[in-house]
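Here's the structure, in structure tokens; my notes come after.
The values are calculated or read from the model by the stated rules, or taken from the named source; none is laboratory data. The shown structure was predicted, so the numbers you read here are calculated from the model rather than taken from an experiment. All Cβ positions, glycine included, derive from the backbone under ideal geometry; neighbour counts span all protein chains shown. Ligands, DNA and RNA are stripped out before the accessible areas are found, and what is left, the full protein with its side chains, is counted by its heavy atoms. Shrake-Rupley method; radii C 1.70, N 1.55, O 1.52, S 1.80 Å.
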Amino acid sequence: MGIKRIITCLDIDNGRVVKGVNFINLKDAGDPVVIAKAYNEQGADEIVLLDINASYEKRGTMLRLVKKVANIVSIPLTVGGGIRTVEDFRQMLEMGADKVSIGSAAVKNPNLILETSRKFGSKKVVIAIDVKKVDDEYHVYIQGGKKDTGLEAISWAREVEKLGAGEILLTSMDADGTKKGYDIEITKKISDAVDIPVIASGGAGKMEDFLEAFTIGGAHAALAASLFHFKEVDIGELKDYLYGEGVNIRRGKGDMELLKEIKFDEKGLIPAIVQDIRTKEVLMMAYMNEESLKKTLETNKTWFWSRSRQELWNKGATSGNIQKVVQVDYDCDGDSLLVLVEQKGVACHTGERSCFYNSIYKTTEEGAVGSEVLEQLYKIIDDRKINPVEGSYTKYLFDKGIDKILKKIGEESAEVIIAAKNPDKEAIVYETSDLIYHLFVLLREKGIPLEDIYKELRSRFK
């Protein structure tokens, strides 16, 4: 049933962690930086930081606090509250958030989900859905639970998935803070209705509640706050309990028991293939031993074992070309790893983006070669966006912004039309190539992967 996650939530009000019942009667629970650090050390899988009154009071999330928390934790950090624009979203990521949660703004402007998922990737976009039972159906509430939108929760969950959300943070207002258990009914309904992960939130009071959320509710993760804040349940003990009940759970940072299917070779090594999470490009292959794998899981950065130097090494420690680990998988035989990363800079010591830049064979089938050329062009443009090169024309276009890019597309379209009126076919090829290049720059500026274009074209085949 996949690896389940235990998530701790820090509700922030005036710079302090608070907790209430049914979204009211708030009680101070401590310093968010101190609490976040403790949860990081105790083995929580993720932390959610929510500025609970930001939307209602029309103020932005506390950027400084986000940066402080991000700097002292190694586990994924999700931030929400007061996110109203793409720029707000970007700022949270720049402060160190791994994911950003949108609630009220998503209801008021559903297109914000589409824009952020295309620009930053769906895995970064978490949609917070606060629900309350009204008569016989669940309604979506916004502005910290103060306003009933009238939206039916299951329909809204399906809609946010369609718009590009990568995850749903589902909070039952009826159960929140009561410690009577998660609302399993709505958790299961929404988990069954969508294919993206659902985080159950609101109502945890004992270990059995987490088990029900996973096994009956179908949740991918379970979130709790006061239960952990006031030390009523220990995260390590909770994970041991869930593991004993057959739940696939990561028990502590770098837990190797969870990865018992992994088969290290006679030298204690296992090959690790590193792949870019966004472009799917294979970047490199190196070896890990048990210690380097643990450090990779603990720090969210890649660590390997050097066979020549006989020591651990951290990718990017000297060059700055770090690899932020998003996911680690192992194959069906358990004898190799796939490490999905966000690559900063280049992966190869030669200066190439990928270590796999030498070819000994390429198919001569025209479609395959053509597709490869297009993908390579998009990758180069994507790299220029992430790692700008001074003097690069692509950097110039990105610096000038969308209006300049659109102007160039208009100009190049006109050039294609003019070329098509003349007998010189080479001119048509040249001008069409220019147009394709500028279209790809536009796609990257808008955060649209090339695969989306392939998918749309495939859907039109008759």
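The trypsin sites (Lys or Arg not before Pro) found in the range 373-461 that occupy coil by DSSP, while having at most 12 further C-beta atoms within 10 Å, are Lys421, Lys446, Arg460. Computed from Cα positions, the angle between helix 111-120 and the longest principal axis of the chain comes to roughly 60 degrees. Using the Karplus relation 6.51 cos²θ - 1.76 cosθ + 1.60 with θ = phi - 60°, the per-residue 3J(HN,Hα) values for the range 416-433 come to 5, 4, 4, 4, 5, 7, 10, x, 6, 5, 4, 5, 5, 4, 5, 5, 5, 4 Hz, with x marking Gly and Pro.
Residues with amide H under 5 Å of Thr302's amide H, sequence separation 5 or more or different chain, H placed in the peptide plane at 1.01 Å from N; which? Hits under the 5 Å cutoff: Lys315, Gln323, Val325.
Compare the peptides 325-332, 78-85 by average per-residue count of other Cβ atoms within 10 angstrom and give them in order, highest first. Intermediate values should be presented prior to the final figure.
Numbers: 325-332: 14.4, 78-85: 24.2.
Peptide ranking by packing, descending: 78-85, 325-332.
Per-residue 3J(HN,Hα) values for the range 297-313, derived from phi via the Karplus relation 6.51 cos²θ - 1.76 cosθ + 1.60 with θ = phi - 60°, read 5, 6, 9, 6, 10, 6, 10, 10, 10, 7, 6, 7, 8, 6, 7, 6, 9 Hz in sequence order (x marks Gly and Pro). Sites counted here are GluC sites (Glu not before Pro) in a DSSP loop (not H, G, I, E or B) having no more than 14 other Cβ atoms within 10 Å; the longest part of the chain that contains none of them is 58-231. Counting only protein heavy atoms and a probe of 1.4 Å, the accessible surface of the chain is 51% carbon and sulfur.
Computed over the alpha-carbon atoms, the range 262-316 gives an Rg to Rh ratio of 0.97, Rh here being the Kirkwood radius from the mean inverse distance.
Based on the inverse mean of 1/r over its pairs of different Cα atoms, what is the Kirkwood hydrodynamic radius of the range 144-293, in Å? List each step's numbers first, then the result.
Values: mean 1/r = 0.0556 Å⁻¹.
After inverting the mean inverse Cα-Cα distance, the result is 18.0 Å.
The mean accessible area for residues of the chain, using a 1.4 Å probe and ignoring ligands and nucleic acids, is 50 Å² per residue. Sequence-ordered 3J(HN,Hα) estimates for the range 345-356 from the Karplus curve with 6.51, -1.76 and 1.60 and θ = phi - 60° stand at x, 9, 9, 8, 5, 7, x, 6, 4, 10, 6, 9 Hz, glycine and proline given as x.
Loop-only trypsin sites (Lys or Arg not before Pro) in the range 280-312, please: DSSP not H, G, I, E or B, and at most 13 other Cβ atoms within 10 Å.
Details: sites: Lys280, Lys294, Lys295, Lys301, Arg307, Arg309; in loops: Lys280, Arg307, Arg309.
Within the range 280-312, the qualifying trypsin sites (Lys or Arg not before Pro) (loop, at most 13 other Cβ atoms within 10 Å) are Lys280, Arg307, Arg309.
For the range 156-233, the list of trypsin sites (Lys or Arg not before Pro) that fall in a loop by DSSP and count at most 11 other C-beta atoms within 10 angstrom reads Lys231. In terms of the Cα gyration tensor, with a ≥ b ≥ c the square roots of its eigenvalues, is the range 225-353 rounded because a/c is under 1.5, prolate because a/b exceeds b/c, or oblate? It is prolate, given that a/c is not under 1.5 and a/b is the larger ratio. Of the two radii for the range 280-431, the radius of gyration is 1.10 times the Kirkwood radius, both from the alpha carbons; that is the Rg over Rh value. All C-alpha to C-alpha distances of the range 34-149, sorted into 10 Å bins beginning at zero, yield P(r) values of 14, 43, 32, 10, 1 percent in whole numbers.
Once the Cα atoms of helix 450-459 and of the chain are each reduced to a long axis, what angle between those two axes, in degrees from 0 to 90 to the nearest 10, is obtained? Once rounded, the angle reads 90 degrees.
Evaluated on the chain, the Kirkwood hydrodynamic radius is 24.2 Å, with distances taken between all distinct Cα atoms.
Extents of the range 200-250, largest first, come to 27, 20, 15 Å (Cα atoms, principal axes, whole angstrom). Annotation: amide H of Met288 within the under-5 Å range of Ile270, Ala272, Trp305, sequence separation 5 or more or interchain, hydrogens built in the peptide plane. Just how far, in whole angstrom, is the range 107-128 from the range 375-399 if you go by their alpha carbon centroids? That distance is 24 Å.
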